[in-house]
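Worksheet: the structure to be examined is printed underneath.
The values are calculated or read from the model by the stated rules, or taken from the named source; none is laboratory data. Quantities reported herein were computed from a predicted structural model and do not represent experimental measurements. FYI the Cβ positions are ideal-geometry reconstructions off the backbone, even for glycines, and counts take in every protein chain you see.
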Protein chains: 2
Amino acid sequence: MPTRPAPAYLRIASQLRDQIEGGELSTGSALPSERDLAESLGVSRMTARHAIMVLESEGYVYRHTPRGTFVASPRLPMRIGSFSDEVARSGAEPGDELLWAEAQTPTQAVREALALRGRAKVHAMQRLRTADGAAVAIETTYFPAALTPGLLAEPLTGSLWSLLRDRYGVVAVHASASLEVVALDEVSARRLAARLAAPGILVTRRTFDRDGTCFEFARDLYRADRVEFRVDAQVG
Amino acid sequence: MPTRPAPAYLRIASQLRDQIEGGELSTGSALPSERDLAESLGVSRMTARHAIMVLESEGYVYRHTPRGTFVASPRLPMRIGSFSDEVARSGAEPGDELLWAEAQTPTQAVREALALRGRAKVHAMQRLRTADGAAVAIETTYFPAALTPGLLAEPLTGSLWSLLRDRYGVVAVHASASLEVVALDEVSARRLAARLAAPGILVTRRTFDRDGTCFEFARDLYRADRVEFRVDAQVG
DNA sequence: CAGTGGTCTAGACCACTGG
DNA sequence: CAGTGGTCTAGACCACTGG
């Protein structure tokens with residue numbers, strides 16, 4: 001039973017993948033442009049482009065429009081926990097950039113997650129999280145305002161769990177999370193320097209204090225090609 | 001600051017997404033063909049196709065080549081645990097199809113995961129896991145042969161954990177897993193009835209007995225558009 | 001201003017499915 | 001055998017970046 005030959009775009013993707021894994025194309029180096037690749041292989045630009053899009057979806061390369069396409073770094077192993085700690089554990093330098101921070105009237109989803117009652121407010125903030133300067137995730141976090149007076153006046157950089165522990169005596173001991181793969185929308189893709197509709201991992205999570213109180217609700221949107229998640233679970 | 005209009009393929013994707021979320025296009029119903037969509041909207045087929053590929057990567061629709069494109073079901077909420085139990089918890093019917101089962105000399109990765117010594121063999125098997133008849137995951141599982149004599153002669157259907165408990169007294173109490181997003185290769189994509197290079201979630205996991213012995217190593221490859229994962233973690 | 005990727009056109013041929 | 005999605009061509013114009 002003769003198998004049909006693989007389509008051209010997959011053969012080209014395999015060639016490039018081998019060159020990346022073999023070290024001929026090293027981290028950060030530029031791939032040939034779509035036009036050059038097409039010409040040198042005798043295919044149309046759309047076919048060369050298709051091959052590169054496969055590698056992009058696999059996380060091997062990333063676009064830096066309109067400068068070119070470059071070989072990506074290997075993935076960061078992450079656990080559900082402190083972003084700063086997890087990145088540092090991999091030997092990379094964690095970083096963050098505050099996008100916004102404000103007091104809000106919570107939406108229904110946030111109210112329920114934090115078990116808020118009456119007219120309780122929340123302190124909300126969004127940060128871009130980086131590793132060695134590269135965008136990894138957009139983190140949107142909500143804390144009960146009653147539990148965190150004056151939080152918005154603090155420097156919201158680094159580990160928020162450390163800040164909450166030192167400032168308010170709130171200690172994170174347990175987290176509950178949901179992970180799903182989504183396509184990045186226009187705004188998120190731009191912030192993460194990713195391609196529109198590239199795969200992202202949306203982590204929706206709640207963090208609990210020693211006494212079982214949920215003190216944090218967060219939605220973290222990761223570039224799927226930059227991380228892998230490690231989890232432990234009691235089963236049976 | 002006037003913003004540029006969104007590209008045509010994104011506007012078309014949004015239109016279709018709204019129709020799906022609004023119920024005008026219900027689960028299982030067919031989308032217009034790429035050619036029909038292109039003609040009715042006055043764009044080229046490649047542009048209509050691009051829009052549908054966005055929805056496919058978001059999990060809203062799936063292809064059933066060459067029959068057409070159809071509206072997908074909502075995602076299954078999964079935890080690290082028994083596939084059968086998790087699917088049943090959602091009210092769907094779990095199913096499986098045995099792809100192969102055999103005794104093997106373990107690879108280095110399997111040997112290390114199961115902490116095997118000397119010339120210890122493993123019982124290996126691969127199953128397609130389904131929910132209401134739809135392919136959800138390909139599960140490749142390894143058990144120490146010494147722990148599971150005669151396993152390959154058993155009917156390898158349903159929950160393997162139940163089988164191991166009843167037959168060998170091995171009880172799953174803890175699991176450790178890694179989740180990463182990958183692109184589906186040709187074989188996996190075909191088995192999962194997914195598009196080549198569509199996003200998959202590779203779950204690499206180890207399961208432990210009451211006494212802390214690792215008795216199972218598995219690689220589960222999920223269609224990313226069919227599931228979401230829920231996890232709990234001790235942190236700090 | 002040269003070169004990049006992003007988008008788009010208007011075609012073509014293919015394998016495969018179901019009626 | 002009609003119709004589908006899968007692949008591919010050979011072009012085009014665009015916004016944007018860096019030198």
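Among the residues of the stretch A:26-48, are any closer than 22 Å to A:Asp132 by Cβ, in contact with a helix residue (DSSP H, G or I) (Cβ under 6 Å, 6 or more places away or on another chain) and not assigned by TED's automatic domain parsing to the domain that holds A:Asp225?
Scanning the stretch A:26-48, I find no residue that is closer than 22 Å to A:Asp132 by Cβ, in contact with a helix residue (DSSP H, G or I) (Cβ under 6 Å, 6 or more places away or on another chain) and not assigned by TED's automatic domain parsing to the domain that holds A:Asp225, so the answer is no.
Does at least one position in the stretch B:191-198 carry a residue that is in contact with a Lys or Arg (Cβ under 7 Å, 6 or more places away or on another chain) and in a strand (DSSP E or B)?
No.
Could you check the stretch B:13-39 and list, in sequence order, the residues that are away from DNA strand D (no atom under 12 Å from the Cβ), charged (D, E, K, R) and within 14 Å of B:Ile52 (Cβ to Cβ)?
Answer for the stretch B:13-39, where residues must be away from DNA strand D (no atom under 12 Å from the Cβ), charged (D, E, K, R) and within 14 Å of B:Ile52 (Cβ to Cβ): just B:Arg17.
Would you please name the residue that is modelled with the highest pLDDT, looking only at residues in the stretch B:178-208 that are among the aliphatic types (A, V, I, L, M) and surrounded by fewer than 20 Cβ atoms within 10 Å (Cβ to Cβ)?
B:Leu202
I'm trying to understand the selection: among the residues of the stretch B:1-36, which are of a type in the set (Val, Ile, Thr) and assigned to a loop (DSSP other than H, G, I, E, B)? Please lay out each step first, then the result.
Here is the first cut: in the stretch B:1-36, the ones of a type in the set (Val, Ile, Thr) are B:3, B:12, B:20, B:27.
Hits for the stretch B:1-36 are B:Thr3, B:Thr27.
Name the pairs: first residue in the stretch B:21-46 and farther than 20 Å from B:His64 by Cα, second residue within 15 Å of DNA strand C (Cβ to nearest atom) and among the basic types (Lys, Arg), Cβ to Cβ under 9 Å, at least 6 apart or on different chains?
B:Glu39/B:Arg45
Given the options A:Leu163, A:Leu221, A:Leu152, name the one that is among the aliphatic types (A, V, I, L, M), in a strand (DSSP E or B) and more than 7 Å from every other protein chain (Cβ to nearest Cβ).
A:Leu221
Report yes if B:Gly91 is surrounded by fewer than 16 Cβ atoms within 10 Å (Cβ to Cβ), more than 16 Å from DNA strand D (Cβ to nearest atom) and away from chain A (no Cβ under 13 Å), otherwise no.
yes
Which ones in the stretch A:37-61 are in a loop (DSSP other than H, G, I, E, B) and modelled with pLDDT under 90?
Listed by number, the residues that qualify are A:Glu58, A:Gly59, A:Tyr60.
Considering only the stretch A:130-144, I want to know if a residue exists there that is among the charged types (D, E, K, R), within 16 Å of the chain's Cα centre (by Cα) and not in a strand (DSSP E or B).
Checking the stretch A:130-144: at least one residue is among the charged types (D, E, K, R), within 16 Å of the chain's Cα centre (by Cα) and not in a strand (DSSP E or B).
Which condition does A:Asp185 not pass, out of (1) touching a residue at least 40 places away in the same chain (Cβ under 8 Å); (2) within 13 Å of another protein chain (Cβ to nearest Cβ); (3) within 29 Å of B:Arg75 (Cα to Cα), if it passes all the others?
Unmet condition: (1).
State the number of residues belonging to the stretch B:63-85 that are among the aromatic types (Phe, Trp, Tyr) and buried (at least 21 other Cβ atoms within 10 Å of the Cβ).
Counting residues in the stretch B:63-85 that are among the aromatic types (Phe, Trp, Tyr) and buried (at least 21 other Cβ atoms within 10 Å of the Cβ) gives 1.
Report, by residue number, each residue of the stretch B:69-85 that is more than 10 Å from chain A (Cβ to nearest Cβ), touching a Lys or Arg at 6+ places or on another chain (Cβ under 7 Å) and either at positive phi or part of a strand (DSSP E or B) (or both).
Selection gives B:Thr69, B:Leu76.
Please give the number of the condition A:Val203 fails out of (1) part of a helix (DSSP H, G or I); (2) facing chain B (nearest Cβ under 10 Å); (3) not aromatic (Phe, Trp, Tyr).
That leaves (1) as the condition not met.
Considering only residues that are within 12 Å of DNA strand C (Cβ to nearest atom) and of a type outside the set (A, V, I, L, M, F, W, C), look in the stretch A:58-79 and name the one that is farthest from A:Ala92 (Cα to Cα).
Across the stretch A:58-79, the extreme among qualifying residues is A:Pro66.
Which one is surrounded by the most Cβ atoms within 10 Å (Cβ to Cβ) among residues in the stretch B:34-57 that are away from chain A (no Cβ under 14 Å) and more than 12 Å from DNA strand C (Cβ to nearest atom)?
Once the filter is applied, the top-ranked residue is B:Asp36.
What are the residues in the stretch B:185-215 that are touching a strand residue (DSSP E or B) at 6+ places or on another chain (Cβ under 7 Å) and of a type in the set (D, E, K, R), if any?
B:Arg191, B:Arg195, B:Arg205, B:Arg206, B:Asp209
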